[in-house]
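Structure record follows, encoded as structure tokens.
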Amino acid sequence: MRVGITAASPYLIMWLAGVRNINLEKHCLESFGEPDRHPLNPRAPRQSAVLPAENPPLAWYLCALPHPWDWTKNAHLAFEYAEGHHWEGPALARGLQVTLNNARPITGWGEHSIPGFARGRNQFLYRTCRNWQFAWWLRTNRGAPDAPPPGQLPPPDPDAPEQLTFL
């Protein structure tokens, strides 16, 4: 799977996370529990990443915060492995163009994905957090499990192969 990113201007923060579990008690990146992290260069006008097709996470999530920061212009794109698929488009905000090869975007999620009973639904920082919205979508539509408590994951294998390369 290959992800190409073209930015019209530098970003303050940019990351790519493989989501395997969720923590609905938190918002922002922490709502994705213990994701596979793939940092990107927020200042690069063009970059690409090759992601493994083996043992894919429930979804991949790209997030970029503009500089100067304005949450309404945050870029977000959720996508999943899909052999043979190709997609090009914006990451929910103008200025960040993404190309996906062997992957497709996940659409149809948003504030409406948060159930009425969710703690935090009426709190601005949770309700407007697109990561938290998508985490709820993953719970409802993909049965995303809860993240293990901190410190419960085994330590990373130092001999494990790298999962990301920049071209």
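Does the range 78-93 contain any residue that is open to solvent by less than 80 Å² (accessible area, probe 1.4 Å) and in a loop (DSSP other than H, G, I, E, B)?
yes
Does the range 21-42 hold any residues that are farther than 19 Å from GLU80 by Cβ and either assigned to a loop (DSSP other than H, G, I, E, B) or touching a residue at least 60 places away in the same chain (Cβ under 8 Å) (or both), and which are they? Walk me through it before giving the result.
Within the range 21-42, the first condition is being farther than 19 Å from GLU80 by Cβ, and the residues that meet it are 23-28, 30, 39, 41-42.
Correct list: ASN23, LEU24, GLU25, LYS26, HIS27, CYS28, ASN41, PRO42.
Return the residues of the range 106-122 that are loosely packed, with under 13 Cβ neighbours inside 10 Å and in a loop (DSSP other than H, G, I, E, B); say none if nothing qualifies. Give the derivation first.
To start, the set of residues in the range 106-122 that are loosely packed, with under 13 Cβ neighbours inside 10 Å comprises 107-108, 112, 115-117, 119, 122.
Hits for the range 106-122 are THR107, GLY108, PRO115, GLY116, PHE117, ARG119, ASN122.
Could you list, in sequence order, the residues of the range 51-109 that are without any contact (Cβ under 8 Å) to a residue 40 or more places away in the chain and among the polar types (S, T, N, Q)?
ASN55, THR72, THR107
Does at least one position in the range 94-105 carry a residue that is in contact with a Gly (Cβ under 9 Å, 6 or more places away or on another chain), in a strand (DSSP E or B) and among the β-branched types (Val, Ile, Thr)? Give the steps one after another, and end with the answer.
Kept after step one, since they are in contact with a Gly (Cβ under 9 Å, 6 or more places away or on another chain), are these residues of the range 94-105: 97-102, 105.
Remaining after also requiring in a strand (DSSP E or B): 97-102, 105.
When the remaining residues are screened for being among the β-branched types (Val, Ile, Thr), the result is 98-99.
Scanning the range 94-105 turns up at least one residue that is in contact with a Gly (Cβ under 9 Å, 6 or more places away or on another chain), in a strand (DSSP E or B) and among the β-branched types (Val, Ile, Thr).
Only residues that are assigned to a loop (DSSP other than H, G, I, E, B) and under 20 Å from LYS73 (Cα atoms): list them for the range 128-143, please.
Step one: list which residues in the range 128-143 are assigned to a loop (DSSP other than H, G, I, E, B), which gives 128-129, 143.
Within the range 128-143, THR128, CYS129 qualify.
So, in the range 43-74, exactly how many residues are more than 20 Å from GLY84 (Cα to Cα) and either surrounded by 15 or more Cβ atoms within 10 Å (Cβ to Cβ) or of a type outside the set (Lys, Arg) (or both)? Can you show your working first?
From the range 43-74, those more than 20 Å from GLY84 (Cα to Cα) are 43-47, 62-74; that's our starting set.
Then drop every residue that is not either surrounded by 15 or more Cβ atoms within 10 Å (Cβ to Cβ) or of a type outside the set (Lys, Arg) (or both), which leaves 44-45, 47, 62-74.
Counting residues in the range 43-74 that are more than 20 Å from GLY84 (Cα to Cα) and either surrounded by 15 or more Cβ atoms within 10 Å (Cβ to Cβ) or of a type outside the set (Lys, Arg) (or both) gives 16.
The values are calculated or read from the model by the stated rules, or taken from the named source; none is laboratory data. Quick caveat, the model's predicted, so the values are computed rather than measured. Neighbour counts run over all protein chains shown; Cβ positions are idealised from the backbone, glycine included. Keep in mind that these areas ignore ligands, DNA and RNA; they rest on the heavy atoms of the full protein, side chains included. Shrake-Rupley method; radii C 1.70, N 1.55, O 1.52, S 1.80 Å.
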